[in-house]
Every structure is written in C-alpha cells, then in structure tokens.
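*Asks:* If you scroll down you'll find the structure; I have some questions about it.
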Amino acid sequence: MCQLSLFDAEEFYEFPKDLLEYKENFLTREEADLLKDKLLNTAPWEQRTQKMYDKMVLTPRLTAWYGDTKMDDSADNNTTKRNEWIPELFSLKERIEKEFGYRFNGVLLNLYRNNNDSVAWHRDKESRYGKRPVIASISLGQTRNFDFRKKDHHRSKYSLPLPHGSLLIMKGDLQENWEHRIAKSTIPMKERINLTFRMIHEGI
C-alpha cells in the first residue's frame, strides 16, 4: 500500500477538498487525553454481532452510540441503544458544527482495543445517513492507518495515519465511490477510540 500523505501528494489520485477535510491537531493533547480516559472508562461499550458469509460473527471492536434522543437504532443487523448525550460529546459536536458548518444528531464510538481489532472494507451507505453523508471522525489514542480504496479499482489504495486528537471529515461523493477500513496489524498497539459524528434520518 502506498503510504502517502493525502493532503500533500502531487499524484493524480490526491483527494479533492470536496471529499475530505483534515485537521491534525483539532483537539489539544490535554483535551484528547481527558476525553479518551473519560470514554474508555465510562462509555457503555458493547461487542455487536454482524452477518458475514451467512454466519453471525462478533465484530472485532467495541461500540457505543450517543444521540439526540434515547431510542433504539438498527445497525449491522443488530439493535443498539442510542444513549443520551454526555456533556463532553455534546460540546464537541457543537464545536465541530460551529467551525465547519455541518449538523449532527448522533455519534458512533468505536473502541479498537489492540492491534487485533479492526473494521473491514466498507462504505457508510445506509439510507438513514442520507445520499451524500457528512461524517466527522475524531481519533483518540493509538495512531492507526485509515485506508481508502476506489470502489471500482481496488489497486487505487491510499493510507492516512490518524493521530491522537485529529479530525477527518468525509463528505460529498466519498461514500459512493470509495471504501475505507482500519486494518489489523502485526505490530502491538494500545487502545484507539474513534468518534464518528453523523446526521441520522429517522424513519428511513
């Protein structure tokens, strides 16, 4: 895989700004440390199941949902409770909205406990996220590579390391034309928490 910086590259496949926005130090080290410790110790982490090749398997990571209302969300063929906002997550939501001009009503948390936890190639194409979803992703803890590949040309692969406190916003037609993943690693790694703020359309 080509380990290039998506934002400094001079190659043809550099991602245009209408698909990605990136801010490496969106949170200060102190802010990121405090939030990581808070969520690691207090979030209602669950290990969900999902269907793969006609079998139900445990997802190789833990998850938790927060949002505007206390209700159930159906995701990955599994029902997951959406918890009410805690002050730290709600203020972070408002901060991203104010700086970038987007709106969100929910956040999915993923906990990658070590180098064996991962998420497979996928696109966030569920109808409840809308046709051209905007997803704001905050990374806390261990730096992990966020991989992209063209949906119709898998040899076009790129990787972006996402460090502690960074913010990556995916938007436009990215979910239509590109897949993404967090791969397993042979290198020992510590915990990483990923916060993905989304606009969820109810009743779809």
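*Asks:* Once R0 is set to 45 Å, what does the formula 1/(1 + (r/R0)^6) return for the Cβ-Cβ distance between residue 98 and residue 153, expressed as a FRET efficiency to the nearest 0.05?
*Replies:* Details: r = 37 Å, r/R0 = 0.82.
Between residue 98 and residue 153 the formula returns 0.75.
*Asks:* Share of antiparallel DSSP beta bridges in the range 20-198, in percent to the nearest 5?
*Replies:* Bridges in the range 20-198 are about 95 percent antiparallel.
*Asks:* Which of 36, 55 has the fewest other C-beta atoms within 10 Å, and how do the rest follow up to the most?
*Replies:* Ascending number of Cβ neighbours within 10 Å: 55, 36.
*Asks:* Specify whether the C-alpha gyration tensor of the range 20-198 places it in the rounded, prolate or oblate class, a ≥ b ≥ c being the square roots of the eigenvalues: rounded for a/c under 1.5, otherwise prolate if a/b is larger than b/c and oblate if not.
*Replies:* rounded
Here, each number is a calculation from the coordinates, and none is a lab measurement. All values derive from a computational prediction rather than experimental measurement. Note that we place each Cβ from the backbone using ideal geometry, even for glycine, and neighbour counts take in every protein chain shown.
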